[in-house]
Amino acid sequence: MVYNHLGPSGNYLPRFGPYLKAGEGNTWGDSVNLDGPGSDVVRRYILENAAMWLRDYHVDGLRLDAVHAFKDERALHLLEEFGALADEVSAETGRPATMIAESDLNDPRLLYPRDLNGHGLAGQWSDDFHHAVHVNVSGEATGYYADFESVEALAKVLVDGFFHDGSYSSFRGRHHGRPINTGVVHPSALVVCSQNHDQIGNRATGDRLSQTLGYGQLALAAVATLTSPFTPMLFMGEEYGATTPWQFFTSHPEPELGKATAEGRIREFERMGWDPAVVPDPQDPETFTRSRLNWAEAAEGDHARLLELYRQLIALRRSTPELAGLGFEDTAVAFSEADGWLRLRRGSVEVAMNFSAGPRRLAVSGASVVLATDSAVRLDNAQLDLPGHSAAIISK
């Protein structure tokens with residue numbers, strides 16, 4: 001649900017009331033009026049709309065778009081009202097009403113209960129997980145990926161939830177985030193992914209990991225995401241390694257708006273070190289056509305192999321409570337920066353990942369391999385042999 005902005009094309013809502021605050025903009029234009037004169041009716045409009053989806057349409061929950069774009073200086077923040085609304089509907093209906101915030105604030109107060117001065121939301125996104133996985137499987141470390149160029153970055157995210165929890169962010173040029181009180185928040189409150197519509201669509205050419213990486217690296221990304229302590233989210237086509245791009249496309253009827261959008265994106269890409277010359281025209285119908293999935297790929301070669309791996313990982317996560325049910329305190333990691341491997345332990349389950357191209361031998365405590373991404377994985381006398389770009393899940 002997008003309650004933080006209205007698009008510039010066909011936006012007539014301000015003619016009916018004080019819905020926007022002129023001159024106080026965000027990435028998409030004027031901000032929604034959440035705390036200025038007349039904002040009472042605006043907030044009521046938003047909250048009643050959310051209640052409609054939860055009560056009348058019986059949806060399971062709402063993903064709240066870019067909550068860091070809310071400009072709300074009231075003592076009672078709109079996000080806290082969302083949390084209260086979800087609890088109210090859940091009490092009425094007897095079923096969960098889940099509020100998940102898309103946020104890059106790394107602020108755990110979104111998740112803390114309201115009686116602990118939090119907003120009481122069920123979950124929020126952790127982009128830090130995405131960045132750490134992306135760098136370790138791809139090696140790309142430009143722009144906002146720069147701080148995550150280490151196995152240690154992924155290890156920290158797995159244990160603490162955030163990488164930037166008060167540390168210096170080179171991309172932002174300032175310190176960012178704060179630590180999660182792991183005694184209050186369960187890992188499942190963090191929603192993570194290795195790819196999503198923003199991280200792919202906001203790349204210069206909309207290229208997926210599967211357009212440049214092989215099966216082994218894609219399998220590593222899948223294992224890291226689906227065995228993490230967090231709530232995993234998959235992007236359409238990721239599960240079979242789709243080779244079609246997901247490019248940013250628009251259909252603005254105003255030519256000047258289409259031109260301004262394209263030029264704005266090119267300026268953004270320069271910061272990430274991408275070549276502006278390769279950026280497709282968002283208004284070109286071919287940009288949309290190229291982005292359509294080719295479902296036939298799912299039955300072919302390594303595509304089918306990857307799809308089967310995703311099915312096995314999802315089934316294993318469902319049948320192994322230790323993977324998803326334990327708290328932060330039950331998560332342990334070991335890693336080698338020099339050799340490029342990481343071991344994640346959740347209870348009696350151990351996940352070993354080799355991000356390097358060469359084979360690695362690891363000492364492990366498990367007795368049997370439950371799942372391996374490569375047929376050459378071997379376990380003998382507590383010694384695990386992992387080929388390059390492979391992973392194994394081991395159980396006692």
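The values are calculated or read from the model by the stated rules, or taken from the named source; none is laboratory data. This is a predicted model, so every value here is computed, not measured. Methodologically, a virtual Cβ is constructed for each residue, glycine included, from the backbone with ideal geometry; neighbour enumeration extends over all protein chains shown.
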- Note on the structure: Flagged in the stretch 1-48 as modelled with pLDDT of 95 or more, out of contact with any Asp or Glu (no Cβ under 9 Å at 6 or more places or on another chain) and of a type in the set (D, E, K, R), in numbering order, are D40, R44, E48
- Query: Where in the stretch 324-396 are there strands (runs of 3 or more DSSP E), lying fully within it, with 2 or more residues that are under 16 Å from L226 (Cβ atoms)?
  - Reply: 341-346, 349-354, 368-372, 390-395
- Task: Would you mind telling me which numbered condition in (1) in contact with a Phe, Trp or Tyr (Cβ under 9 Å, 6 or more places away or on another chain); (2) more than 26 Å from R345 (Cβ to Cβ) F163 fails?
- Result: (2)
- Specify which of the listed residues (A51, A97) is more than 30 Å from W274 (Cβ to Cβ), modelled with pLDDT of 95 or more and in contact with a Ser or Thr (Cβ under 9 Å, 6 or more places away or on another chain). A97
- Query: Taking the stretch 207-221 as the region of interest, how many residues are touching a strand residue (DSSP E or B) at 6+ places or on another chain (Cβ under 9 Å) and either surrounded by fewer than 21 Cβ atoms within 10 Å (Cβ to Cβ) or not in a helix (DSSP H, G or I) (or both)?
  - Reply: 1
- Message: I need the full set of residues from the stretch 1-40 which are under 18 Å from E254 (Cβ atoms), in a loop (DSSP other than H, G, I, E, B) and either small (G, A, S) or under 24 Å from the mean Cα position of the chain (by Cα) (or both), in order please.
- Response: H5, L6, G7, S9, G10, W28
- Message: Looking for something free of Cβ contacts under 8 Å to residues at least 60 places away in the same chain, among the basic types (K, R) and surrounded by 15 or more Cβ atoms within 10 Å (Cβ to Cβ) - is there at least one such residue anywhere in the stretch 267-275?
- Response: no
- Which condition number in (1) under 22 Å from the mean Cα position of the chain (by Cα); (2) more than 30 Å from L371 (Cα to Cα) is the one that G241 fails? (2)
- How do the pairs read when you match residues in the stretch 164-187 that are farther than 16 Å from F129 by Cα with residues anywhere that are basic (K, R) and not in a loop (DSSP other than H, G, I, E, B), using Cβ under 8 Å and keeping only pairs 6 or more apart or on different chains? Y168/R174
- Task: Considering only the stretch 46-85, state which residues are surrounded by 15 or more Cβ atoms within 10 Å (Cβ to Cβ) and more than 19 Å from P108 (Cα to Cα).
- Result: I46, L47, A50, A51, W53, L54, R55, G61, L85
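For (1) surrounded by fewer than 22 Cβ atoms within 10 Å (Cβ to Cβ); (2) on the phi > 0 side of the Ramachandran plot; (3) modelled with pLDDT of 95 or more, each residue gets a yes or a no:
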{"site": "Q124", "(1), (2), (3)": "no, no, yes"}
{"site": "A132", "(1), (2), (3)": "no, no, yes"}
{"site": "Y168", "(1), (2), (3)": "yes, no, yes"}
{"site": "H175", "(1), (2), (3)": "yes, no, yes"}
{"site": "V184", "(1), (2), (3)": "yes, no, yes"}
{"site": "D198", "(1), (2), (3)": "yes, no, no"}
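Matching residues to (1) closer than 27 Å to T244 by Cβ; (2) in contact with a Phe, Trp or Tyr (Cβ under 6 Å, 6 or more places away or on another chain); (3) touching a residue at least 24 places away in the same chain (Cβ under 8 Å); (4) crowded, with 19+ Cβ neighbours inside 10 Å:
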site: A299; (1), (2), (3), (4): yes, no, no, no
site: L313; (1), (2), (3), (4): yes, no, yes, yes
site: S319; (1), (2), (3), (4): no, no, no, no
site: E329; (1), (2), (3), (4): no, no, yes, no
site: A338; (1), (2), (3), (4): no, no, no, no
site: S348; (1), (2), (3), (4): no, no, yes, no
site: G358; (1), (2), (3), (4): no, no, yes, no
site: S365; (1), (2), (3), (4): no, no, yes, no
site: S368; (1), (2), (3), (4): no, no, yes, no
- Take the residues in the stretch 370-396 that are small (G, A, S) and surrounded by 11 or more Cβ atoms within 10 Å (Cβ to Cβ), then tell me which one is farthest from L306 (Cα to Cα). A382
- Message: Taking the criterion of being within 27 Å of D128 (Cβ to Cβ) and buried (at least 16 other Cβ atoms within 10 Å of the Cβ), would at least one residue in the stretch 253-261 satisfy it?
- Response: no
- Query: Out of all the residues in the stretch 348-396, which are more than 15 Å from G216 (Cα to Cα) and among the hydroxyl-bearing types (S, T, Y)?
  - Reply: S348, S365, S368, S395
